[in-house]
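Colleague: Structure in C-alpha coordinates, see below.
The values are calculated or read from the model by the stated rules, or taken from the named source; none is laboratory data. Keep in mind it's a predicted model, so treat the numbers as computed, not measured. A quick note on method: Cβ atoms are made from the backbone with ideal geometry, for glycine too, and the neighbour counts reach across all protein chains shown. Note: areas computed on protein heavy atoms with side chains; ligands, DNA, RNA excluded. Shrake-Rupley method; radii C 1.70, N 1.55, O 1.52, S 1.80 Å.
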Amino acid sequence: MFTIDKKEYDETKLSDKGKIAFGQLQKIAQKQTSLSLELQNTKILQDHHGAILKEELPKEEELKKKNNE
(Lines give C-alpha, C1' and ligand atoms only; values in the text may rest on other atoms or scores of the structure.)
Protein backbone atom coordinates (compact mmCIF):
# COMPACT_ATOMS: atom_id res chain seq x y z
CA MET A 1 0.00 0.00 0.00
CA PHE A 2 1.10 3.52 -0.75
CA THR A 3 -0.51 6.94 -0.53
CA ILE A 4 -0.78 9.61 -3.22
CA ASP A 5 -2.89 12.73 -2.75
CA LYS A 6 -4.18 11.41 0.59
CA LYS A 7 -5.58 8.27 -1.05
CA GLU A 8 -4.25 4.73 -0.50
CA TYR A 9 -3.48 2.36 -3.35
CA ASP A 10 -2.37 -1.26 -3.61
CA GLU A 11 0.81 -1.44 -5.69
CA THR A 12 0.07 -5.04 -6.69
CA LYS A 13 -2.94 -3.80 -8.64
CA LEU A 14 -0.95 -1.38 -10.78
CA SER A 15 -0.29 -1.92 -14.48
CA ASP A 16 3.22 -3.03 -15.45
CA LYS A 17 4.07 0.55 -16.36
CA GLY A 18 2.69 1.74 -12.99
CA LYS A 19 4.72 -0.92 -11.14
CA ILE A 20 7.89 0.24 -12.88
CA ALA A 21 7.16 3.87 -11.98
CA PHE A 22 6.42 2.85 -8.38
CA GLY A 23 9.70 0.93 -8.20
CA GLN A 24 11.62 3.86 -9.63
CA LEU A 25 10.13 6.20 -7.05
CA GLN A 26 11.17 3.80 -4.28
CA LYS A 27 14.74 3.72 -5.63
CA ILE A 28 14.79 7.52 -5.86
CA ALA A 29 13.65 7.83 -2.23
CA GLN A 30 16.36 5.38 -1.13
CA LYS A 31 18.99 7.31 -3.09
CA GLN A 32 17.86 10.60 -1.53
CA THR A 33 18.19 9.09 1.94
CA SER A 34 21.62 7.71 1.11
CA LEU A 35 22.82 11.04 -0.29
CA SER A 36 21.49 12.90 2.74
CA LEU A 37 23.42 10.59 5.08
CA GLU A 38 26.54 10.94 2.94
CA LEU A 39 26.23 14.72 3.06
CA GLN A 40 25.92 14.62 6.86
CA ASN A 41 29.03 12.44 7.07
CA THR A 42 31.04 14.72 4.80
CA LYS A 43 30.02 17.70 6.94
CA ILE A 44 31.31 15.89 10.04
CA LEU A 45 34.60 15.12 8.27
CA GLN A 46 34.88 18.70 7.03
CA ASP A 47 34.41 20.04 10.56
CA HIS A 48 36.92 17.52 11.95
CA HIS A 49 39.66 18.35 9.46
CA GLY A 50 38.93 22.06 9.75
CA ALA A 51 39.50 21.84 13.50
CA ILE A 52 42.80 20.01 12.95
CA LEU A 53 43.91 22.65 10.46
CA LYS A 54 43.07 25.45 12.90
CA GLU A 55 45.17 23.72 15.59
CA GLU A 56 48.10 23.55 13.18
CA LEU A 57 48.02 27.21 12.15
CA PRO A 58 50.91 29.33 13.40
CA LYS A 59 50.22 30.97 16.74
CA GLU A 60 50.04 34.77 17.08
CA GLU A 61 53.43 34.88 18.85
CA GLU A 62 55.07 32.97 16.00
CA LEU A 63 53.55 35.32 13.42
CA LYS A 64 54.76 38.42 15.32
CA LYS A 65 58.25 36.94 15.64
CA LYS A 66 58.41 36.18 11.91
CA ASN A 67 57.18 39.66 10.99
CA ASN A 68 59.87 41.29 13.18
CA GLU A 69 62.69 39.33 11.49
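Colleague: May I ask you to give the percent of accessible area on the chain that is carbon plus sulfur, with a probe radius of 1.4 Å?
Modeller: The nonpolar share, carbon plus sulfur, comes to 56 percent.
Colleague: Separation between the LEU53 and LYS66 pseudo-spin-labels, each 7 Å from Cα along Cα→Cβ, expressed in nm?
Modeller: Here the answer is 1.6 nm between the modelled labels.
Colleague: To test your reading of the geometry: what angle, between 0 and 90 degrees and rounded to tens, separates the Cα axis of helix 16-56 from the longest principal axis of the chain?
Modeller: Helix 16-56 sits at roughly 10 degrees to that axis.
Colleague: With every protein chain present, what is the per residue accessible area of the chain (1.4 Å probe, Å²)?
Modeller: 99
Colleague: Based on DSSP H runs of at least 4 residues, each adding -39500 (n - 2.57), what is the mean residue ellipticity at 222 nm of the chain after dividing by all its residues, to the nearest 500 deg cm²/dmol?
Modeller: -25500 deg cm²/dmol
Colleague: Taking the inverse of the average 1/r across all pairs of different Cα atoms in the chain, what Kirkwood radius in Å do you get?
Modeller: 17.0
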